[in-house]
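The block underneath contains the structure these notes are about, expressed in structure tokens.
The values are calculated or read from the model by the stated rules, or taken from the named source; none is laboratory data. It should be emphasised that the depicted structure is a prediction, and the values quoted were computed from it without experimental measurement. Here Cβ is always computed from backbone atoms with ideal geometry, including for glycine, and neighbour counts include all displayed protein chains. Each accessible area value is taken on the protein alone, full model and side chains, heavy atoms only, with ligands, DNA and RNA left out. Shrake-Rupley method; radii C 1.70, N 1.55, O 1.52, S 1.80 Å.
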Amino acid sequence: MITFFVVVFAAIVFEYSNGFHDAANAIATVVSTKVLTPRQAIAMAAIFNLTGALLGGAVASTIGKGLVDTDVVNMATVLCALIAAFAWNITTWWVGLPSSSSHALIGGLCGAALATARGNWSVLKWNTGLWPKVVVPMITSPLAGFFLGALVMFALFALFHRFTPGAVHSVFGKLQVFSAAWMAHSHGSNDAQKTMGIITLALFTGTKAGSFDHLPGWLTFLQMPAFAIPAWVKILCAITMAAGTAAGGWRIIRTLGHKMVKLQPVHGFAAETSAALIIQTASVYGIPLSTTHVISTSIIGVGAAKRFSGVKWTVVERIIWAWILTLPATGLIGFTLARAVAAF
């Protein structure tokens, strides 16, 4: 029982770190274009992260029961996964790299589950979960972000090329508030649900193991004989992510909003709209996308459409390396931690 509460605490800490680590996903462009002040942008992102997190549950179900065999998982497995993901989040936040909290959590869970299963690779649901819902989207969603961002930008160029720069700036200065709000909402609908899935997995695991058999009456709500996302878990994760977002993530905001490409409101609108559309669609189908990958490549696509040489490709290269390393690094951390726990 104590282990469960440690798991929940670790999940809250991770969700909070996810909020400030990925705050840049929703607000980097709207801050860099000076449409909103940093305080206004963070407040808006926190609110719409909250609304997005409270809706749906498909992504949470994928994380909780669609990637690894739940019969093998125990409380220690879940805890090691969370620690691995949190460690990677803090490391990449510290150096200002917009890596994926989602892939950090998935990598940590897979590594920890593999260690718990004593190296039995069949514990990983490769054909039904990891390949179609993690690996394929990990490749296709950044490409979709890049090409859709560029396509939307080209379309806006064609529609507004006769307008004066002042008129374009005025129109999209207003429209970007809505695109940033949609981006924040879609981020909440995908990212916050991943921790919901982890906490629900812990509840389901604890119930199967008999850890909750002798609870006092006021704690019987923890019992979960069938996998389903409880309302209190949704509320807890939504509020925690909103609080983390409110804390900001300035190192990553600077990378996305200033270092990759110089943005104007029209570019921010194109990038946010493209990314939000892709992320929202994935949330409906229970695909745990990296929102970081999608918004980053949408910004790059918009910048390339504006002027290919205007993109700072050395910064992009550093970001791509962080993406490539996230799954194996967190998988190794989760595996090592779970083996260490099993040794005691």
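Numbers for the structure displayed
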{"quantity": "Nearby lysines by direct alpha-carbon distance to K208 (threshold 19 angstrom, same-chain neighbours under 8 apart not counted)", "calculated": "K65"}
{"quantity": "For the chain, Kirkwood radius (reciprocal of mean inverse C-alpha pair distance, Å)", "calculated": "20.0 Å"}
{"quantity": "Spin-label pair S309/R39, simplified geometry with 7 Å Cα→Cβ offset, distance in nm", "calculated": "4.2 nm"}
{"quantity": "Along principal axes, Cα extents of the stretch 1-102, largest first, whole Å", "calculated": "50, 32, 24"}
{"quantity": "Average accessible surface area per residue within the chain, 1.4 Å rolling probe, Å²", "calculated": "41 Å²"}
{"quantity": "When the convex hull of its Cα atoms is projected in every direction, mean area for the stretch 150-246 (nm²)", "calculated": "9.4 nm²"}
{"quantity": "Eligible lysines near K34 by straight Cα distance, threshold 27 Å, same-chain separation 8 or greater", "calculated": "K174, K259, K262, K306, K312"}
{"quantity": "Sequence-distant aspartates and glutamates (8 or more away, or on other chains) whose Cα lies within less than 18 Å of K133", "calculated": "D69, D191"}
{"quantity": "Percent carbon-and-sulfur accessible area, the chain, ignoring ligands, DNA and RNA, probe 1.4 Å", "calculated": "71 percent"}
{"quantity": "Kirkwood-based shape ratio for the stretch 85-161, expressed as Rg/Rh from alpha carbons", "calculated": "1.18"}
{"quantity": "Stretch gain in nm, segment W232-F178, where the contour uses 0.36 nm per residue and the Cα spacing is subtracted", "calculated": "16.5 nm"}
